[in-house]
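*Asks:* Handing you this structure, nothing more for now.
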Protein chains: 2
Amino acid sequence: MSVIYERVALIGLGLIASSMFWAMKRGGLVGEVTGYARTAETRAKAREIGLCDRVCETAAEAVEGADLVVLAVPVGAMGAVAEEIAPALAPGATVTDVGSVKRAVIEAVAPHMPEGVHFVPAHPLAGTEQSGPTAGFAALFDNRWCLLVPEGAEEAAVARLERLWQGMGSMTERMDADHHDLVLAVTSHTPHLIAYTMVGVADDLRRVTDSEVVKYSAAGFRDFTRIAASDPVMWRDVFLTNKEATLEILGRFTEELFALQRAIRLGDGAHLQDYFTRTRAIRRGIVEAGQDTDAPDFGRVPKR
Amino acid sequence: MSVIYERVALIGLGLIASSMFWAMKRGGLVGEVTGYARTAETRAKAREIGLCDRVCETAAEAVEGADLVVLAVPVGAMGAVAEEIAPALAPGATVTDVGSVKRAVIEAVAPHMPEGVHFVPAHPLAGTEQSGPTAGFAALFDNRWCLLVPEGAEEAAVARLERLWQGMGSMTERMDADHHDLVLAVTSHTPHLIAYTMVGVADDLRRVTDSEVVKYSAAGFRDFTRIAASDPVMWRDVFLTNKEATLEILGRFTEELFALQRAIRLGDGAHLQDYFTRTRAIRRGIVEAGQDTDAPDFGRVPKR
């Protein structure tokens with residue numbers, strides 16, 4: 001495969017950007033990759049582990065001469081970063097992002113994009129509960145979806161970015177920004193908020209000591225703690241910027257929860273059993289679609 | 001290690017009983033194991049895969065001469081099974097169960113226990129989202145906790161059952177029935193109800209098609225679907241019989257959820273970030289306690 005971009009700049013060096021670096025290198029998809037992170041500590045760590053061909057001291061320096069610039073910072077920081085790099089962007093360059101919310105990112109970034117620069121928002125649906133420059137790995141995007149939200153960008157620029165994501169192992173699809181934000185509110189944002197809430201409740205309970213919650217977590221709770229261990233700043237920004245869709249889905253969630261709570265209170269076993277039977281089918285669909293393992297317990301191996 | 005029980009009867013042949021069979025045989029912990037399941041189909045499957053040394057046509061036949069009888073049926077069926085086997089129990093036998101709720105099981109089973117039979121309720125905190133006689137495997141209990149709720153049973157009988165669980169790989173602890181039911185409401189029952197609810201909500205949404213929910217599930221939702229794929233009858237019975245503790249924890253959960261929802265609505269980023277930072281520590285505790293893997297994403301390997 002020939003090189004898709006000659007010069008890539010990664011702005012922000014967390015889990016997603018570092019995984020992109022290793023995946024782009026694995027595929028021989030790009031030429032030189034520069035990187036920038038806000039803290040000196042992250043820049044030093046990146047240099048130490050060979051993350052990026054060149055780590056720069058400013059975002060503007062990193063984007064100079066780049067034909068692809070990837071904004072990989074929390075959603076709430078996208079606007080300021082876009083404003084900062086705008087004067088240094090090369091004509092004809094593509095700017096993309098990897099934020100979990102699309103409408104808010106477009107509103108924050110698009111106004112800063114100079115004439116002749118292609119802005120193609122994107123969102124790889126991949127991640128782990130770990131964060132920072134050392135968390136990345138080349139296989140993160142394999143067989144995962146990356147949603148592109150072109151919003152009127154030139155077809156050639158969109159297709160080129162799609163080739164990059166496909167080269168990193170992803171399947172790609174295009175979507176409208178508002179629909180993206182609603183789908184993600186269901187499949188990601190609301191589940192994360194609920195997991196955070198459940199873990200917070202357990203933490204608060206004084207009669208059930210911390211150590212009991214931890215010791216006996218294998219009965220279900222530990223699955224919640226994994227997603228509730230994700231990056232707090234990233235998730236704060238997701239909820240602040242995808243407010244309407246998240247609140248809408250949360251409303252649906254509490255409505256259903258109250259109905260089940262009522263069934264428990266009234267001893268309505270048929271209602272509960274019907275509900276629980278219906279949800280099994282969705283799991284089967286996910287396993288069949290190759291989006292999760294069918295090994296029991298995610299294939300976890302117990303430690304001895 | 002010498003044999004702990006000469007004759008074990010497994011009543012109900014699902015995930016837990018079948019895993020116990022393989023774990024007991026792996027450890028050479030017991031002599032002959034008989035089994036009984038309500039449906040002819042399950043009994044036939046058990047015979048086909050060599051689950052149990054002898055599969056019986058009635059529960060009474062299976063328990064004849066057994067020095068350990070394990071009730072491994074849904075919590076709501078425990079009382080009827082106990083009544084059915086009571087006349088056939090050998091004097092001095094131990095009866096135990098593996099139910100996820102303890103107070104209700106004790107109330108249902110204890111009245112049927114004949115003089116001279118030791119009833120020692122227990123609950124192995126282990127399982128997967130799969131069910132039925134073919135779902136079991138010997139390592140299920142390795143490094144997992146088994147909680148015993150002796151409720152006044154003779155020390156020798158309790159200690160003997162503890163040795164069996166330890167031989168199957170478990171760590172054991174004794175607990176009062178009501179405390180057990182509260183701890184499990186936090187670490188297991190409420191998380192399961194919430195996961196079921198979230199999956200049900202996603203299933204209901206018409207604008208976000210089924211296929212999108214399934215395709216894009218890797219962003220968080222799929223973790224919920226795993227626990228929402230657990231056995232519907234077992235879980236119906238858990239909620240019907242651990243009603244009070246579950247409703248109490250659910251009340252706490254909705255209170256917290258409303259506080260976070262309000263923070264989102266008001267744009268209170270500091271509240272969200274604080275909350276999300278606090279929950280990370282619990283995850284670390286669980287990994288350090290050996291109750292989950294520290295591999296990103298549970299160590300899932302993406303399919304290609």
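Each reported figure results from applying straightforward, stated rules to the coordinates on display, with no laboratory input. Keep in mind it's a predicted model, so treat the numbers as computed, not measured. Backbone-built Cβ (ideal geometry, glycine too); neighbour counts: all protein chains shown.
*Asks:* Can you give me the C-alpha center-to-center distance between region A:208-256 and region A:59-129, rounded to a whole angstrom?
*Replies:* 28 Å
*Asks:* Same structure again: Bin width 5 Å, origin at 0, all Cα-Cα pairs of region B:179-291: what percent of pairs per bin?
*Replies:* In order of increasing distance, the bins hold 2, 10, 14, 17, 21, 20, 12, 4, 0 percent.
*Asks:* Check which residues have an amide H placed less than 5 Å from A:Y5's amide H, if you skip close sequence neighbours.
*Replies:* A:G31
*Asks:* Using a Gaussian network model of chain A whose springs link C-alpha atoms within less than 10 Å, name the residue from A:G50, A:G65, A:G92 with the highest mean-square fluctuation.
*Replies:* Top of the fluctuation ranking is A:G50.
*Asks:* Can you tell me the FRET efficiency between A:N143 and B:R54 if r is taken as the Cβ-Cβ distance and R0 is 45 Å, rounded to the nearest 0.05? Write down the numbers at each step before the final one.
*Replies:* Working: r = 46 Å, r/R0 = 1.02.
Taking R0 as 45 Å, the efficiency between A:N143 and B:R54 is 0.50.
*Asks:* Between copies, how far does the label point of A:G267 sit from its twins, in nm, shortest first, when each point is 7 Å from Cα along Cα→Cβ?
*Replies:* With the label placed 7 Å along Cα→Cβ, A:G267 yields 5.1 nm.
*Asks:* Quantify how strongly other chains surround peptide A:141-148 by giving the mean number of their Cβ atoms within 10 Å of each of its Cβ atoms. Could you put the intermediate results ahead of the total?
*Replies:* On the way: counts 1, 4, 4, 4, 6, 0, 3, 0.
The per-residue average across the peptide is 3.
*Asks:* Sketch the reach of a paramagnetic label on A:E61 as a point 7 Å from Cα along Cα-to-Cβ, and name the residues of region A:1-24 whose backbone nitrogen lies under 17 Å away.
*Replies:* From region A:1-24, the list is A:8-13.
*Asks:* Related question: Which residues does a label at B:E151 reach in region B:104-136, if reach means a backbone N under 14 Å from a point 7 Å past the Cα toward the Cβ?
*Replies:* Backbone N within reach: B:104-114, B:118-123.
*Asks:* Additional query: Quick check: convex hull of the Cα atoms in the protein assembly as shown, volume per residue, rounded to a whole Å³?
*Replies:* About 146 Å³ per residue, rounded to a whole number.
*Asks:* If the reach is capped at under 30 angstrom between alpha carbons, list the lysines near B:K243, excluding any in the same chain fewer than eight residues apart.
*Replies:* Straight-line reach from B:K243, under 30 Å: A:K215, B:K102.
*Asks:* Let me ask something else. What's the average, rounded to a whole number, of partner chain beta-carbon atoms within 10 Å of each residue's beta-carbon in A:232-239?
*Replies:* Details: counts 9, 5, 1, 4, 12, 3, 2, 10.
Per residue, the average neighbour count from other chains is 6.
*Asks:* For chain B, what does the helix formula give at 222 nm: sum of -39500 (n - 2.57) over DSSP H segments with n ≥ 4, over the residue count, nearest 500 deg cm²/dmol? Could you put the intermediate results ahead of the total?
*Replies:* Working: 13 runs with 146 residues, N = 304.
The helix contribution divided over chain B gives -14500 deg cm²/dmol.
*Asks:* Kindly give Rg over Rh for chain B, based on alpha-carbon atoms, with the Kirkwood expression for the hydrodynamic radius.
*Replies:* Rounded to two decimals, Rg/Rh equals 1.01.
*Asks:* Could you sort B:13-21, A:117-125 so that the peptide with the highest average Cβ count within 10 Å comes first and the rest follow in order?
*Replies:* Details: B:13-21: 26.1, A:117-125: 23.3.
Highest to lowest by the protection proxy: B:13-21, A:117-125.
*Asks:* In nm, what is the difference between 0.36 nm times the number of residues separating A:E115 and A:A270 and their Cα-Cα distance?
*Replies:* Working: separation 155, 0.36 × 155 = 55.80 nm, distance 6.15 nm.
Taking A:E115 through A:A270 to full extension adds about 49.7 nm, to one decimal.
*Asks:* Here is a further query. Report, as a whole number in µm² per second, the diffusion coefficient that Stokes-Einstein gives for region B:5-175 at 4 °C and 1.567 mPa s using the Kirkwood radius over alpha carbon pairs. The partial results should precede the final answer.
*Replies:* Values: Rh = 15.5 Å.
After rounding, the answer is 84 µm²/s.
*Asks:* Related question: May I ask you to sort A:I106, B:I11 by Cβ crowding, counting other Cβ atoms within 10 Å and putting the fewest first?
*Replies:* The order, fewest Cβ neighbours first, is A:I106, B:I11.
*Asks:* Now a separate question. At 7 angstrom along the Cα-to-beta-carbon line, where would the label on A:H179 sit relative to the other copies? Give the distances in nm, shortest first.
*Replies:* When each copy's label point is compared with this one, the spacings are 5.5 nm.
*Asks:* What does the average come to when, for each residue of peptide B:166-178, you count the partner chain Cβ atoms lying within 10 Å of its Cβ? Write out the running numbers ahead of the final one.
*Replies:* On the way: counts 0, 0, 0, 2, 0, 1, 0, 3, 0, 2, 0, 0, 0.
The mean count of partner-chain Cβ atoms within 10 Å per residue comes to 1.
*Asks:* Something else about it: Taking the number of other C-beta atoms within 10 Å as the exposure measure, put B:R174, A:R144, B:R262, A:R300 in order starting with the fewest.
*Replies:* On the way: B:R174 14, A:R144 22, B:R262 11, A:R300 18.
Fewest-to-most ranking of B:R174, A:R144, B:R262, A:R300: B:R262, B:R174, A:R300, A:R144.
*Asks:* Treating cross-link reach as a plain straight distance, find the lysines whose alpha-carbon is under 21 Å from the alpha-carbon of B:K25, omitting any fewer than eight places away in the same chain.
*Replies:* Answer for B:K25, where 21 Å is the Cα cut-off: A:K303, B:K45, listed by chain and number.
*Asks:* Further, regarding this structure: For A:A159 and A:D204, what is the calculated FRET efficiency with R₀ set at 51 Å and r taken between the beta-carbons, to the nearest 0.05?
*Replies:* Working: r = 50 Å, r/R0 = 0.99.
Plugging the Cβ-Cβ distance into 1/(1 + (r/R0)^6) gives 0.50.
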